[in-house]
Amino acid sequence: MTPVIAGFDHHRVPVADGVSLHTAVGGSGTPVVLLHGFPQTHLMWRHVAAALAADHTVICPDLRGYGASDKPAETDGTVYAKRTMAADVVALARELGHERFALAGHDRGALVAFRAALDHPGMLTHLACLDVLPTLDMWEVMHGVTAAVGFHLYLMAQPPGLPERMIGAAPDAFFGHFLDTWTADRRAVPAEVRAAYLAACREAVPSIVADYRASAGVDIEHDRADRAAGRTLGMPVSVLQQDWGAALGFDAAALWRAWAADLRHTTVTCGHFMAEEAPDDIVKALRELLAR
(Lines give C-alpha, C1' and ligand atoms only; values in the text may rest on other atoms or scores of the structure.)
Protein backbone atom coordinates (compact mmCIF):
# COMPACT_ATOMS: atom_id res chain seq x y z
CA MET A 1 0.00 0.00 0.00
CA THR A 2 1.08 3.59 -0.63
CA PRO A 3 2.25 5.20 2.63
CA VAL A 4 0.07 7.95 4.10
CA ILE A 5 0.26 10.48 6.92
CA ALA A 6 -1.36 8.65 9.82
CA GLY A 7 -4.61 10.21 10.99
CA PHE A 8 -4.93 12.65 8.08
CA ASP A 9 -7.87 12.85 5.67
CA HIS A 10 -7.31 13.18 1.95
CA HIS A 11 -9.13 15.58 -0.36
CA ARG A 12 -9.04 16.81 -3.94
CA VAL A 13 -9.39 20.57 -3.72
CA PRO A 14 -10.06 22.74 -6.81
CA VAL A 15 -7.68 25.71 -6.94
CA ALA A 16 -7.78 26.92 -10.57
CA ASP A 17 -9.54 26.12 -13.84
CA GLY A 18 -8.91 22.45 -14.46
CA VAL A 19 -6.49 22.11 -11.54
CA SER A 20 -7.17 20.36 -8.25
CA LEU A 21 -4.58 19.56 -5.60
CA HIS A 22 -4.44 16.27 -3.75
CA THR A 23 -4.27 17.39 -0.12
CA ALA A 24 -3.82 15.70 3.25
CA VAL A 25 -5.44 17.54 6.17
CA GLY A 26 -5.23 16.75 9.87
CA GLY A 27 -5.45 18.25 13.34
CA SER A 28 -7.22 21.36 14.54
CA GLY A 29 -6.25 24.89 15.49
CA THR A 30 -4.52 27.69 13.63
CA PRO A 31 -3.65 26.60 10.08
CA VAL A 32 -0.20 25.64 8.85
CA VAL A 33 0.38 24.74 5.18
CA LEU A 34 3.39 22.54 4.37
CA LEU A 35 4.76 22.39 0.79
CA HIS A 36 6.98 19.55 -0.33
CA GLY A 37 10.12 19.60 -2.44
CA PHE A 38 11.77 17.61 -5.25
CA PRO A 39 11.63 14.71 -5.93
CA GLN A 40 8.94 14.13 -3.34
CA THR A 41 5.27 14.52 -2.50
CA HIS A 42 3.34 15.75 0.53
CA LEU A 43 4.44 12.49 2.21
CA MET A 44 7.81 14.06 3.08
CA TRP A 45 6.04 15.93 5.91
CA ARG A 46 4.63 12.75 7.51
CA HIS A 47 6.57 13.10 10.79
CA VAL A 48 6.40 16.89 11.08
CA ALA A 49 2.73 17.08 10.11
CA ALA A 50 1.68 14.47 12.64
CA ALA A 51 3.47 16.37 15.43
CA LEU A 52 2.11 19.79 14.48
CA ALA A 53 -1.42 18.41 14.20
CA ALA A 54 -1.54 18.21 18.00
CA ASP A 55 -2.41 21.92 18.07
CA HIS A 56 -2.71 23.11 14.47
CA THR A 57 -4.77 22.38 11.40
CA VAL A 58 -2.05 21.02 9.10
CA ILE A 59 -2.54 21.13 5.33
CA CYS A 60 -0.17 19.17 3.10
CA PRO A 61 -0.86 19.37 -0.65
CA ASP A 62 0.93 17.83 -3.57
CA LEU A 63 2.02 20.82 -5.63
CA ARG A 64 0.57 21.29 -9.09
CA GLY A 65 2.46 18.92 -11.39
CA TYR A 66 3.51 16.56 -8.60
CA GLY A 67 2.16 13.50 -6.84
CA ALA A 68 -1.57 12.94 -7.21
CA SER A 69 -2.35 16.59 -8.04
CA ASP A 70 -3.33 17.67 -11.53
CA LYS A 71 -0.58 18.20 -14.08
CA PRO A 72 -1.68 20.75 -16.69
CA ALA A 73 0.27 20.92 -19.94
CA GLU A 74 2.99 23.56 -20.17
CA THR A 75 1.27 25.73 -22.76
CA ASP A 76 3.43 28.70 -21.79
CA GLY A 77 5.94 29.69 -19.11
CA THR A 78 3.31 30.83 -16.64
CA VAL A 79 1.64 27.44 -16.10
CA TYR A 80 4.36 26.37 -13.64
CA ALA A 81 5.55 29.81 -12.59
CA LYS A 82 5.96 30.01 -8.83
CA ARG A 83 3.44 32.88 -8.97
CA THR A 84 0.86 30.48 -10.40
CA MET A 85 1.74 27.73 -7.95
CA ALA A 86 1.58 30.23 -5.07
CA ALA A 87 -1.89 31.28 -6.21
CA ASP A 88 -2.84 27.58 -6.02
CA VAL A 89 -1.80 27.51 -2.38
CA VAL A 90 -3.76 30.64 -1.51
CA ALA A 91 -6.84 29.25 -3.28
CA LEU A 92 -6.38 25.94 -1.44
CA ALA A 93 -6.32 27.65 1.95
CA ARG A 94 -9.41 29.66 1.09
CA GLU A 95 -11.28 26.60 -0.14
CA LEU A 96 -10.54 24.98 3.22
CA GLY A 97 -11.83 28.07 5.04
CA HIS A 98 -8.61 29.90 5.94
CA GLU A 99 -7.90 33.54 5.06
CA ARG A 100 -4.71 33.64 7.14
CA PHE A 101 -2.21 30.83 7.59
CA ALA A 102 1.43 30.02 8.28
CA LEU A 103 3.37 28.56 5.37
CA ALA A 104 6.44 26.35 5.31
CA GLY A 105 8.10 24.92 2.22
CA HIS A 106 11.04 22.68 1.43
CA ASP A 107 13.10 22.90 -1.77
CA ARG A 108 10.67 23.59 -4.65
CA GLY A 109 7.90 24.12 -2.14
CA ALA A 110 10.02 26.75 -0.42
CA LEU A 111 10.26 28.69 -3.68
CA VAL A 112 6.47 28.55 -3.99
CA ALA A 113 6.17 29.67 -0.36
CA PHE A 114 8.58 32.56 -0.93
CA ARG A 115 6.56 33.75 -3.92
CA ALA A 116 3.30 33.40 -1.97
CA ALA A 117 4.76 35.57 0.80
CA LEU A 118 5.70 38.29 -1.68
CA ASP A 119 2.48 38.15 -3.70
CA HIS A 120 0.00 37.60 -0.85
CA PRO A 121 1.61 39.10 2.27
CA GLY A 122 -1.72 39.80 3.95
CA MET A 123 -2.57 36.11 4.03
CA LEU A 124 0.63 34.75 5.53
CA THR A 125 1.27 34.99 9.26
CA HIS A 126 4.68 33.26 9.20
CA LEU A 127 7.05 31.85 6.58
CA ALA A 128 9.60 29.03 6.79
CA CYS A 129 11.88 28.06 3.89
CA LEU A 130 13.97 24.90 4.05
CA ASP A 131 17.22 24.43 2.10
CA VAL A 132 16.86 26.92 -0.74
CA LEU A 133 17.87 30.37 -1.81
CA PRO A 134 15.38 32.61 -3.60
CA THR A 135 15.48 31.82 -7.31
CA LEU A 136 17.30 34.98 -8.40
CA ASP A 137 19.98 34.53 -5.73
CA MET A 138 20.36 30.85 -6.54
CA TRP A 139 21.26 31.50 -10.16
CA GLU A 140 23.61 34.33 -9.19
CA VAL A 141 25.71 32.13 -6.87
CA MET A 142 26.04 29.21 -9.28
CA HIS A 143 29.44 29.42 -10.99
CA GLY A 144 32.41 27.28 -11.98
CA VAL A 145 32.77 23.56 -11.51
CA THR A 146 31.33 23.73 -8.00
CA ALA A 147 27.97 24.42 -9.64
CA ALA A 148 27.99 20.83 -10.95
CA VAL A 149 26.01 19.95 -7.81
CA GLY A 150 23.12 21.70 -9.54
CA PHE A 151 23.45 19.99 -12.92
CA HIS A 152 19.75 19.17 -12.93
CA LEU A 153 18.91 22.89 -12.84
CA TYR A 154 20.68 23.41 -16.14
CA LEU A 155 19.32 20.23 -17.72
CA MET A 156 15.71 21.09 -16.95
CA ALA A 157 16.21 24.71 -18.01
CA GLN A 158 16.49 23.60 -21.63
CA PRO A 159 13.63 24.13 -24.10
CA PRO A 160 10.85 21.53 -24.18
CA GLY A 161 11.79 18.18 -25.64
CA LEU A 162 15.32 17.11 -24.79
CA PRO A 163 15.22 17.10 -20.96
CA GLU A 164 11.89 15.30 -20.92
CA ARG A 165 13.22 12.60 -23.27
CA MET A 166 16.47 12.18 -21.36
CA ILE A 167 14.85 11.97 -17.93
CA GLY A 168 11.95 9.87 -19.21
CA ALA A 169 14.40 7.28 -20.57
CA ALA A 170 15.55 6.40 -17.04
CA PRO A 171 13.34 8.18 -14.51
CA ASP A 172 14.10 5.94 -11.55
CA ALA A 173 17.84 6.39 -12.04
CA PHE A 174 17.47 10.18 -12.39
CA PHE A 175 15.14 10.83 -9.46
CA GLY A 176 16.71 8.10 -7.36
CA HIS A 177 20.09 9.81 -7.70
CA PHE A 178 18.84 12.77 -5.67
CA LEU A 179 17.05 10.66 -3.08
CA ASP A 180 20.30 8.79 -2.51
CA THR A 181 22.97 11.48 -2.75
CA TRP A 182 21.10 14.28 -0.96
CA THR A 183 20.34 12.14 2.09
CA ALA A 184 22.89 11.92 4.90
CA ASP A 185 20.98 9.04 6.51
CA ARG A 186 19.24 6.84 3.95
CA ARG A 187 17.18 5.19 6.67
CA ALA A 188 15.20 8.43 6.80
CA VAL A 189 13.60 7.55 3.45
CA PRO A 190 12.56 3.89 3.85
CA ALA A 191 12.03 1.64 0.88
CA GLU A 192 8.26 2.03 0.70
CA VAL A 193 8.49 5.83 0.83
CA ARG A 194 11.29 5.89 -1.75
CA ALA A 195 9.17 3.68 -4.03
CA ALA A 196 6.20 6.06 -3.62
CA TYR A 197 8.36 9.06 -4.56
CA LEU A 198 9.78 7.31 -7.63
CA ALA A 199 6.35 6.15 -8.79
CA ALA A 200 4.98 9.70 -8.46
CA CYS A 201 7.92 11.25 -10.32
CA ARG A 202 7.80 8.63 -13.05
CA GLU A 203 4.29 9.84 -13.90
CA ALA A 204 5.19 13.53 -13.74
CA VAL A 205 8.34 14.03 -15.82
CA PRO A 206 6.93 16.76 -18.13
CA SER A 207 5.41 18.79 -15.30
CA ILE A 208 8.46 18.50 -13.04
CA VAL A 209 10.67 19.69 -15.90
CA ALA A 210 8.22 22.54 -16.56
CA ASP A 211 8.45 23.59 -12.91
CA TYR A 212 12.23 23.80 -13.14
CA ARG A 213 12.14 25.44 -16.56
CA ALA A 214 10.00 28.24 -15.12
CA SER A 215 12.69 28.87 -12.52
CA ALA A 216 15.16 29.59 -15.30
CA GLY A 217 12.80 32.10 -16.89
CA VAL A 218 9.66 33.75 -15.57
CA ASP A 219 10.50 33.14 -11.90
CA ILE A 220 13.72 35.12 -12.27
CA GLU A 221 11.77 37.95 -13.88
CA HIS A 222 9.35 38.06 -10.96
CA ASP A 223 12.15 38.06 -8.36
CA ARG A 224 14.06 40.72 -10.26
CA ALA A 225 10.98 42.96 -10.42
CA ASP A 226 10.42 42.61 -6.68
CA ARG A 227 14.04 43.38 -5.92
CA ALA A 228 13.95 46.49 -8.14
CA ALA A 229 10.75 47.63 -6.41
CA GLY A 230 12.25 47.08 -2.97
CA ARG A 231 9.64 44.52 -1.94
CA THR A 232 10.56 42.44 1.08
CA LEU A 233 8.93 39.99 3.48
CA GLY A 234 7.16 41.62 6.40
CA MET A 235 6.18 38.50 8.35
CA PRO A 236 8.49 36.53 10.68
CA VAL A 237 10.72 34.31 8.55
CA SER A 238 12.78 31.24 9.47
CA VAL A 239 15.26 29.69 7.05
CA LEU A 240 17.01 26.39 7.68
CA GLN A 241 19.59 25.15 5.23
CA GLN A 242 22.74 23.19 4.74
CA ASP A 243 25.99 25.11 4.43
CA TRP A 244 26.05 25.25 0.64
CA GLY A 245 27.72 28.64 0.94
CA ALA A 246 30.90 27.00 2.17
CA ALA A 247 31.18 25.11 -1.12
CA LEU A 248 29.81 27.72 -3.51
CA GLY A 249 31.25 30.82 -1.84
CA PHE A 250 28.25 32.83 -0.63
CA ASP A 251 26.78 34.03 2.66
CA ALA A 252 23.33 32.46 2.75
CA ALA A 253 22.14 34.41 5.76
CA ALA A 254 23.11 37.71 4.15
CA LEU A 255 21.28 36.83 0.95
CA TRP A 256 18.14 35.97 2.88
CA ARG A 257 18.45 39.03 5.11
CA ALA A 258 18.12 41.25 2.04
CA TRP A 259 14.61 39.84 1.61
CA ALA A 260 13.50 39.48 5.24
CA ALA A 261 14.10 41.88 8.13
CA ASP A 262 12.61 39.56 10.77
CA LEU A 263 14.81 36.58 9.91
CA ARG A 264 16.15 33.64 11.87
CA HIS A 265 18.67 31.73 9.77
CA THR A 266 19.91 28.34 10.91
CA THR A 267 22.56 26.11 9.35
CA VAL A 268 21.74 22.43 9.79
CA THR A 269 24.07 19.43 9.83
CA CYS A 270 21.64 16.85 8.44
CA GLY A 271 21.10 16.19 4.76
CA HIS A 272 18.79 17.96 2.33
CA PHE A 273 15.70 15.99 3.30
CA MET A 274 15.69 17.48 6.78
CA ALA A 275 11.99 17.00 7.55
CA GLU A 276 12.61 13.26 7.24
CA GLU A 277 16.15 13.10 8.65
CA ALA A 278 15.64 15.46 11.60
CA PRO A 279 11.88 15.87 12.06
CA ASP A 280 12.11 16.78 15.75
CA ASP A 281 14.44 19.67 14.90
CA ILE A 282 12.11 20.91 12.18
CA VAL A 283 9.07 20.70 14.46
CA LYS A 284 10.96 22.66 17.11
CA ALA A 285 12.00 25.32 14.59
CA LEU A 286 8.46 25.66 13.24
CA ARG A 287 6.97 25.93 16.71
CA GLU A 288 9.49 28.64 17.58
CA LEU A 289 8.58 30.48 14.37
CA LEU A 290 4.86 30.27 15.10
CA ALA A 291 5.44 31.72 18.56
CA ARG A 292 7.11 34.88 17.17
Return, ordered by residue number, the residues of the range 133-169 whose backbone nitrogen is under 11 Å from a label point located 7 Å along Cα→Cβ of HIS177. 149-156, 167
With each run of n ≥ 4 DSSP H residues scored as -39500 (n - 2.57), what mean residue ellipticity at 222 nm is computed for the chain after dividing by its residue count and rounding to the nearest 500 deg cm²/dmol? -12000 deg cm²/dmol
Counting Lys and Arg as +1 and Asp and Glu as -1 over every other residue whose Cβ sits under 14 Å from the Cβ of PRO236, the net charge comes to +3
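How much area per residue is accessible in the range 1-120 when the probe is 1.4 Å and only protein heavy atoms are counted (Å²)? Kindly include the intermediate steps, with their values, before the conclusion.
Working: 3990 Å² over 120 residues.
Value for the range 1-120: 33 Å² per residue.
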Accessible-area composition of the chain, carbon plus sulfur, in percent [1.4 Å probe]: 56 percent
In whole Å, how far is the Cα centre of the range 217-287 from that of the range 128-155? 13 Å
Contour minus end-to-end for ALA148 and HIS120, with contour as 0.36 nm per residue of separation and end-to-end as the Cα-Cα distance? 6.7 nm
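The values are calculated or read from the model by the stated rules, or taken from the named source; none is laboratory data. As the structure is a prediction and not an experimental result, all values here were calculated from the model. Cβ: placed from backbone, ideal geometry, glycine included. Neighbour counts: every protein chain shown. Note: areas computed on protein heavy atoms with side chains; ligands, DNA, RNA excluded. Shrake-Rupley method; radii C 1.70, N 1.55, O 1.52, S 1.80 Å.
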